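Novice: Handing you a structure now.
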Amino acid sequence: MDSSTAIPDLVAAVRGRFDSGRTRSLRWRLEQLRGLRDFLVERGPELEKALRSDLAKNPSESQLTEIGVVLSEVTHTISQLRAWLRPRRVGVPLALAPASASVMLEPLGVVLIISPWNYPVQLLLAPLVGALAAGNAVVLKPSELAPATSAVMARFLPRYLDDRAVAVVEGAVDETTELLAQRFDHIFYTGNSRVARIVAQAAAKNLTPVTLELGGKSPVYVDDTVDIDAAARRIAWGKFLNAGQTCVAPDYVLATPDVSARLVDALRVAISSLYGGDAHETADYGRIVNDAQFARLTGLLNDQQAAIGGRSEATERYIEPTVLVDVGLHDEVMTQEIFGPILPIVTVTGLDDALAVIRAGDKPLALYVFSDDKDARRRFLTETSSGAVGFGVTVAHLSVPGLPFGGVGESGTGSYHGRRSVETFSHEKAVLSKPLAPDTLGLVYPPYTPKRSSFIRGLLRRLS
Ligand code: NAD
């Protein structure tokens with residue numbers, strides 16, 4: 001579709017394509033998924049270059065956390081889609097026999113996918129895999145804050161897909177606002193919870209279902225039952241990846257004073273093993289997306305004690321991997337999602353205290369526990385609520401296609417990845433089929449004579 005088409009006309013044209021029925025066949029869906037796979041492979045160099053320009057991402061990191069994540073999602077979906085789309089038989093109550101019941105997935109229609117700047121390839125295209133696999137037409141809205149990636153998407157992606165069914169709309173708040181004024185059959189939004197409320201309100205006007213993939217403060221708990229050096233490497237990798245601009249990055253650490261002291265030493269070693277003695281000098285460490293985010297993040301360092309790092313450089317929007325100690329729960333850095341390379345360690349008296357801190361906050365997108373104590377692990381699972389839990393590992397759960405990825409409460413609504421994506425972008429249609437003869441339902445029709453009433457009561461007693 002020509003990207004200069006006015007938004008209402010563009011959405012109407014995409015809807016026309018969906019209404020034509022073309023997008024429903026398994027063949028069309030597989031063609032789109034293969035096209036998307038070709039786009040990722042053939043346009044990999046353009047995508048890597050764009051990610052370097054938008055976020056100073058190293059090409060290996062771009063392959064690992066952006067292009068590779070979508071490739072694995074698309075390959076898995078191509079191999080499983082036929083099976084996932086098979087209607088699922090369910091049992092029928094005896095009183096309805098003979099009959100058969102099944103659940104079939106049907107496409108919702110026209111889907112709007114709005115994505116953020118921090119993983120601008122993955123977070124635009126991983127939802128697209130599910131939306132196409134489910135047989136929908138799609139309008140994509142990349143983030144204006146990753147302009148180079150947005151331009152690659154607008155220029156090349158439609159060439160690999162049915163461009164009458166998939167449209168890319170570039171732009172910022174005005175364009176998104178106009179898009180949200182149109183009627184969609186599902187809106188999939190990834191970003192912050194302030195804009196999520198705008199999206200949800202716009203969707204409510206048309207009773208459009210939404211998936212909201214949001215963020216928040218994902219805690220890490222470390223105790224003395226684990227290998228602290230190994231834990232520090234996992235924490236540092238998840239935290240400083242993409243310079244901390246990851247929705248599931250560890251946001252802060254909870255540990256006793258003794259563990260905290262050992263962890264700081266171990267983090268110092270881990271950070272220098274990842275990025276060398278000076279992260280400024282390596283091409284493996286990212287930069288902050290824009291000046292506004294840089295100013296917010298460096299502001300969080302005021303009045304804080306940096307045990308590691310703490311330096312920054314405004315012209316390059318560089319912030320050193322930083323670990324803060326003696327941080328209070330009411331300090332500014334603990335009152336917002338950090339979304340940058342700053343890791344505060346908050347000391348707690350022990351497990352109960354850590355659980356209380358987590359429960360007092362919003363439900364996080366992810367919770368990471370480094371403990372070999374079975375009881376502690378069980379208590380985190382049963383006494384806290386979060387989108388996901390990682391034992392001994394950060395961030396990587398999102399690369400498991402069988403795990404639903406999403407938040408709960410303030411960290412989001414709904415989930416996707418793998419089969420769950422196809423379900424998210426489908427309506428689960430209930431289908432009941434009963435032969436007209438014998439007419440067993442006749443036994444429960446009015447008139448409710450005493451004999452029939454007693455039959456109905458007997459039947460219900462047997463069912464209860
Ligand atoms: P962003 O600023 O790029 O915004 C996301 C999208 O919302 C963009 O496409 C933008 O055009 C649109 N938008 C912005 N303002 C709008 C408005 N007023 N009305 C309508 N649309 C508007 O990205 P962001 O929100 O800064 O992203 C960072 C946040 O996203 C963090 O909170 C992070 O945790 C979260 N996040 C969540 C996930 C996840 O998968 N759960 C992934 C990445 C990021």
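The values are calculated or read from the model by the stated rules, or taken from the named source; none is laboratory data. Being a predicted model, the structure only gives us computed values, none of them experimental. Methodologically, a virtual Cβ is constructed for each residue, glycine included, from the backbone with ideal geometry; neighbour enumeration extends over all protein chains shown. Side chains are part of the model used for accessible areas, which takes the heavy atoms of the whole protein and leaves out ligands, DNA and RNA. Shrake-Rupley method; radii C 1.70, N 1.55, O 1.52, S 1.80 Å.
Novice: Taking the criterion of being of a type in the set (D, E, K, R), over 29 Å from ARG29 (Cα atoms), crowded, with 16+ Cβ neighbours inside 10 Å and touching a residue at least 24 places away in the same chain (Cβ under 8 Å), would at least one residue in segment 376-388 satisfy it?
Specialist: Yes, the conditions are met somewhere in segment 376-388.
Novice: While we're on this one: Of the residues LEU145, LEU180, LEU108, LEU161, which single one is open to solvent by 10 Å² or more (accessible area, probe 1.4 Å), near the ligand (Cβ under 9 Å from one of its atoms), within 17 Å of ALA13 (Cα to Cα) and modelled with pLDDT of 95 or more?
Specialist: Of LEU145, LEU180, LEU108, LEU161, the one residue that is open to solvent by 10 Å² or more (accessible area, probe 1.4 Å), near the ligand (Cβ under 9 Å from one of its atoms), within 17 Å of ALA13 (Cα to Cα) and modelled with pLDDT of 95 or more is LEU180.
Novice: Another question, then. Kindly list the number of the only condition in (1) more than 10 Å from the ligand (Cβ to nearest atom); (2) open to solvent by 40 Å² or more (accessible area, probe 1.4 Å) that fails for ILE187.
Specialist: Evaluating ILE187 over (1) more than 10 Å from the ligand (Cβ to nearest atom); (2) open to solvent by 40 Å² or more (accessible area, probe 1.4 Å) leaves (2) as the failure.
Novice: So ILE114 ticks every box in (1) aliphatic (A, V, I, L, M); (2) away from the ligand (no atom under 13 Å from the Cβ); (3) touching a Gly at 6+ places or on another chain (Cβ under 9 Å) but one. Which box is left unticked?
Specialist: (2)
Novice: Another question, then. Would you tally the residues in segment 240-256 being open to solvent by 10 Å² or more (accessible area, probe 1.4 Å) and either away from the ligand (no atom under 13 Å from the Cβ) or without any contact (Cβ under 8 Å) to a residue 24 or more places away in the chain (or both)?
Specialist: 2
Novice: Then there's this: So VAL431 passes all but one of these: (1) in contact with a Leu (Cβ under 8 Å, 6 or more places away or on another chain); (2) over 30 Å from LYS363 (Cβ atoms). Which condition number does it fail?
Specialist: So VAL431 meets the others, but not (1).
Novice: Tell me the helices (runs of 4 or more DSSP H) entirely within segment 1-110 that contain at least 1 residues that are under 26 Å from THR208 (Cβ atoms) and touching a residue at least 40 places away in the same chain (Cβ under 8 Å).
Specialist: 7-19, 26-42, 68-85
Novice: While we're looking at this one, here's another question. Where the second residue is in a helix (DSSP H, G or I) and surrounded by fewer than 21 Cβ atoms within 10 Å (Cβ to Cβ) and the first is on the phi > 0 side of the Ramachandran plot and not assigned by TED's automatic domain parsing to the domain that holds SER115 and lies in segment 195-212, which pairs have Cβ atoms under 8 Å and are six or more apart or on separate chains?
Specialist: none
Novice: Does segment 363-370 include one or more residues that are crowded, with 21+ Cβ neighbours inside 10 Å, over 15 Å from the mean Cα position of the chain (by Cα) and within 16 Å of the ligand (Cβ to nearest atom)?
Specialist: yes
Novice: Mind listing whichever residues of segment 297-316 are assigned to a helix (DSSP H, G or I), of a type outside the set (Ser, Thr, Tyr) and surrounded by 15 or more Cβ atoms within 10 Å (Cβ to Cβ)?
Specialist: Once the filter is applied, which keeps residues that are assigned to a helix (DSSP H, G or I), of a type outside the set (Ser, Thr, Tyr) and surrounded by 15 or more Cβ atoms within 10 Å (Cβ to Cβ), segment 297-316 yields LEU297, LEU300.
Novice: Then there's this: Does ALA232 fit the bill of being away from the ligand (no atom under 16 Å from the Cβ) and open to solvent by less than 60 Å² (accessible area, probe 1.4 Å)?
Specialist: Yes; evaluated as a whole, the condition is true for this residue.
Novice: Quickly run through segment 165-177 and pick out the residues that are among the charged types (D, E, K, R) and near the ligand (Cβ under 8 Å from one of its atoms).
Specialist: The one that is among the charged types (D, E, K, R) and near the ligand (Cβ under 8 Å from one of its atoms): GLU175.
Novice: Which numbered condition in (1) of a type in the set (A, V, I, L, M, F, W, C); (2) open to solvent by 10 Å² or more (accessible area, probe 1.4 Å); (3) away from the ligand (no atom under 12 Å from the Cβ) is the only one that LEU214 fails?
Specialist: That leaves (3) as the condition not met.
Novice: I've got another one for you. If I go through segment 308-333 residue by residue, how many of them are hydrophobic (A, V, I, L, M, F, W, C) and touching an Asp or Glu at 6+ places or on another chain (Cβ under 9 Å)?
Specialist: 4
Novice: Sticking with this structure for a sec: Do you know which residues across segment 127-142 are near the ligand (Cβ under 9 Å from one of its atoms) and under 16 Å from LEU36 (Cβ atoms)?
Specialist: PRO142
Novice: Within segment 47-64, is there a residue that is within 21 Å of PRO127 (Cβ to Cβ) and touching a strand residue (DSSP E or B) at 6+ places or on another chain (Cβ under 8 Å)?
Specialist: Checking segment 47-64: not a single residue is within 21 Å of PRO127 (Cβ to Cβ) and touching a strand residue (DSSP E or B) at 6+ places or on another chain (Cβ under 8 Å).
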